[in-house]
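All remarks here apply to the structure that follows.
The values are calculated or read from the model by the stated rules, or taken from the named source; none is laboratory data. All figures in this text were calculated on a predicted structure; none of them were measured in a lab. As a convention, Cβ positions derive from the backbone with ideal geometry for all residues, glycine included, and neighbour counts pool all protein chains shown. Only protein heavy atoms, including side chains, enter the accessible area calculation; ligands, DNA and RNA are left aside. Shrake-Rupley method; radii C 1.70, N 1.55, O 1.52, S 1.80 Å.
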Amino acid sequence: MVNMEKLCARLEGRGYSVRRFADARAAADYLDSQIDGQTVAIGGSVTVQEMGLYPRLSAHNQVIWHWEGGSVQEAMDTQVYISSVNGLAETGEIINIDGNGNRVASTLFGYETVYLVVGSNKLAPDYESALWRARNIAAPKNAQRLNRKLGKKTPCAVKGDRCYDCSSPDRICRALVVLWGKPNTVKKMEILLVDEALGY
């Protein structure tokens with residue numbers, strides 16, 4: 001069980017802004033109110049998809065999301081970046097795993113504002129548990145999604161039980177980023193903690 005007060009204090013101590021929400025709708029309402037008339041990029045995120053953010057933000061912003069036909073290259077020139085995480089430790093470490101690298105790179109550099117939406121299912125008591133979760137829960141579920149969509153047949157996609165540290169050409173786990181604090185080049189990085197399971 002994660003102590004939310006300790007988690008918030010540790011994240012704030014690492015330079016992040018932190019907000020808590022009772023559910024995904026409240027978090028989506030907040031983002032919709034904060035982002036207006038801006039250029040926005042969305043990373044590959046089932047969490048963001050479940051929140052219905054793309055159509056809401058597109059109504060009054062220029063939003064680029066490669067899941068909706070935009071290109072990764074175009075997304076690199078926007079003001080705001082929105083994504084989720086694969087694991088968040090109570091001790092403050094934020095963990096993301098990526099295949100192409102665009103999503104993890106975007107949490108490090110190039111944007112004025114970064115929002116990371118974190119469902120309660122992504123929380124873990126310590127760094128080791130958060131890393132284990134990212135590798136053995138989030139990654140296999142994402143691989144299964146890509147197997148259904150694109151035929152990516154990694155061992156974890158076929159069995160869905162854990163990371164096999166495979167050498168498959170379809171491997172989607174090719175980069176791991178751990179944020180120990182807000183990158184200096186990002187003016188504002190806000191963590192939205194949602195008391196609801198979201199994404200993988």
**Request:** Would you work out the relative contact order for region 50-200, in percent, from Cα pairs under 8 angstrom that are 6 or more residues apart?
**Result:** 30 percent
**Asked** How high is the FRET efficiency from Ala26 to Gln79, r the C-beta distance, R0 22 Å, rounded to 0.05?
**Response** 0.40
**Fill in**
Cα-based Rg and Dmax for region 45-117, in Å, come out at 12.4, 37
**Request:** Taking every pair of Cα atoms in the chain, average 1/r, invert it to obtain the Kirkwood radius, and report Rg/Rh to two decimals.
**Result:** 0.94
**Prompt:** Based on the Cα gyration tensor of region 129-172, what are the three equivalent ellipsoid semi-axes, each the root of five times an eigenvalue, rounded to whole Å and given largest first?
**Reply:** 17, 11, 8
**Fill in**
Taking protein heavy atoms only, a 1.4 Å probe, and rounding to whole percent, the accessible area of the chain owed to carbon and sulfur comes out at 48 percent
**Prompt:** Where Lys and Arg each count +1 and Asp and Glu each count -1, what net charge lies around Tyr54 among other residues with Cβ under 13 Å from its Cβ?
**Reply:** -2
**Prompt:** Based on the Cβ-Cβ distance from Lys6 to Ser71, what FRET efficiency comes out when R0 is 41 Å, to the nearest 0.05?
**Reply:** 0.55
**Asked** Under a 5 Å amide H to amide H cut-off, with H placed in plane at 1.01 Å, what residues pair with Ala175 once short-range neighbours are removed?
**Response** Asp98
**Asked** What is the projected area of the convex hull of the Cα atoms of region 126-200, averaged over all directions, in nm²?
**Response** 6.7 nm²
**Message:** Can you give me the long-range amide H partners of Tyr200? Hydrogens built in the peptide plane at 1.01 Å from N, cutoff under 5 Å, separation of 5 or more residues or another chain.
**Reply:** Val46, Thr47
**Message:** Rounded, prolate or oblate, given the Cα gyration tensor of region 1-84, with a/c below 1.5 counting as rounded?
**Reply:** prolate
**Request:** Give a residue-ordered list of calculated ³J(HN,Hα) values for region 55-66 (Karplus: 6.51 cos²θ - 1.76 cosθ + 1.60, θ = phi - 60°; whole Hz; x for Gly, Pro).
**Result:** x, 5, 6, 5, 5, 9, 9, 8, 10, 10, 9, 5
**Prompt:** Label 7 Å along Cα→Cβ of Asn100; region 54-77 residues with amide nitrogen under 11 Å?
**Reply:** 65-76
**Complete:** A correct Karplus calculation of ³J(HN,Hα) over region 107-121, with 6.51 cos²θ - 1.76 cosθ + 1.60, θ = phi - 60°, whole Hz and x for Gly and Pro, returns 7, 10, 7, x, 10, 5, 9, 10, 10, 10, 9, 10, x, 4, 5
**J(HN,Hα) series, region 171-178, from Karplus relation 6.51 cos²θ - 1.76 cosθ + 1.60, nearest Hz, glycine and proline x** = 3, 9, 9, 10, 8, 10, 10, 10
**Prompt:** Using modelled backbone amide H atoms (1.01 Å from N, in-plane), which distant-in-sequence or interchain residues come within less than 5 Å of Ile64's amide H?
**Reply:** Val40, Ala41, Ile42
**Item:** For the chain, size of Cβ-based charge dipole, Lys and Arg +1, Asp and Glu -1, in debye
**Value:** 640 debye
